[in-house]
1. Report the residue count in the range 51-69 for those that are closer than 21 Å to Ala14 by Cβ and not acidic (Asp, Glu).
2. Answer yes or no as to whether Gly33 is away from the ligand (no atom under 16 Å from the Cβ), within 22 Å of Gln120 (Cα to Cα) and either under 13 Å from the mean Cα position of the chain (by Cα) or not charged (D, E, K, R) (or both).
3. Test Glu74 against the criterion of being of a type in the set (Asp, Glu) and farther than 18 Å from Ala86 by Cβ, and give yes or no.
4. Mind counting the residues in the range 135-151 that are of a type in the set (S, T, N, Q) and either touching a Gly at 6+ places or on another chain (Cβ under 8 Å) or buried (at least 16 other Cβ atoms within 10 Å of the Cβ) (or both)?
5. From Leu75, Leu79, Leu70, Leu65, which residue is free of Cβ contacts under 8 Å to residues at least 40 places away in the same chain and under 22 Å from Ile36 (Cβ atoms)?
6. Consider Ala10 carefully, then state whether it is farther than 11 Å from Tyr76 by Cβ and among the small types (Gly, Ala, Ser).
7. Could you grab me the full set of residues in the range 75-106 that are under 11 Å from the mean Cα position of the chain (by Cα) and not aliphatic (A, V, I, L, M)?
8. If Pro24 satisfies all but one of (1) touching a residue at least 60 places away in the same chain (Cβ under 8 Å); (2) more than 14 Å from the ligand (Cβ to nearest atom), what's the number of the condition it fails?
Amino acid sequence: MVFATHMNVALKEAEAAGARGEVPVGAALALDGKVIARAGNRCRELNDPTAHAEVLVIREACKTLSKERLEGAELYVTLEPCPMCAAAISAARVARLYYGASDAKSGGVEQGPRVFEHAQCHHVPEVYSGIGATASKALLEAFFTARRSKP
Ligand SMILES: [Zn+2]
């Protein structure tokens, strides 16, 4: 099977999230090489601190498949998942996690709590980082620069 990245879909969702005034993070969930769910952050819109892109695509994919687990699924996220999302990714049994930029402030995968390294983490996905990281970082930097320059 030829590896096809769906990070471009996640980046489009991140851009759309930024345009809505949300922190520009996007995610896409693929099964058998096909994207079955895509989302950007919607915390502000939904008044929901758990409405991170990763949580939204996991919910949508589970609903679509009428399943509580996503065995074999691939998740593409533009930014390193936070601890909450890392726990959700593990609970959903996502097979492979691809993410873009690392997140020194809120990341929970390769820094901070390193959720997947805990003995209590019962499912550990394969993790590939740095995919589309430059584009992802540029989006975030532009968003926060614009927000800081507002009076
Ligand atoms: Zn998160």
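1. Filtering the range 51-69 for residues closer than 21 Å to Ala14 by Cβ gives 51-61.
The next check asks that each one be not acidic (Asp, Glu); those that pass are 51-53, 55-59, 61.
Number satisfying all stated conditions: 9.
2. Details: away from the ligand (no atom under 16 Å from the Cβ): yes; within 22 Å of Gln120 (Cα to Cα): no; either under 13 Å from the mean Cα position of the chain (by Cα) or not charged (D, E, K, R) (or both): yes.
Here the answer is no, as Gly33 does not meet what is asked.
3. Working: of a type in the set (Asp, Glu): yes; farther than 18 Å from Ala86 by Cβ: no.
Judged against the criteria, Glu74 is not a match.
4. 1
5. Values: Leu75 fails: free of Cβ contacts under 8 Å to residues at least 40 places away in the same chain; Leu79 fails: free of Cβ contacts under 8 Å to residues at least 40 places away in the same chain; Leu70 fails: free of Cβ contacts under 8 Å to residues at least 40 places away in the same chain.
One residue alone meets the criteria, Leu65.
6. Details: farther than 11 Å from Tyr76 by Cβ: no; among the small types (Gly, Ala, Ser): yes.
Answer is no for this residue.
7. Listed by number, the residues that qualify are Tyr76, Thr78, Glu80, Pro81, Cys82, Cys85, Tyr98, Tyr99, Gly100.
8. Checking Pro24 against (1) touching a residue at least 60 places away in the same chain (Cβ under 8 Å); (2) more than 14 Å from the ligand (Cβ to nearest atom), the one that fails is (2).
The values are calculated or read from the model by the stated rules, or taken from the named source; none is laboratory data. Treat the numbers as computed from the prediction; the structure is a model and nothing was measured. Note that we place each Cβ from the backbone using ideal geometry, even for glycine, and neighbour counts take in every protein chain shown.
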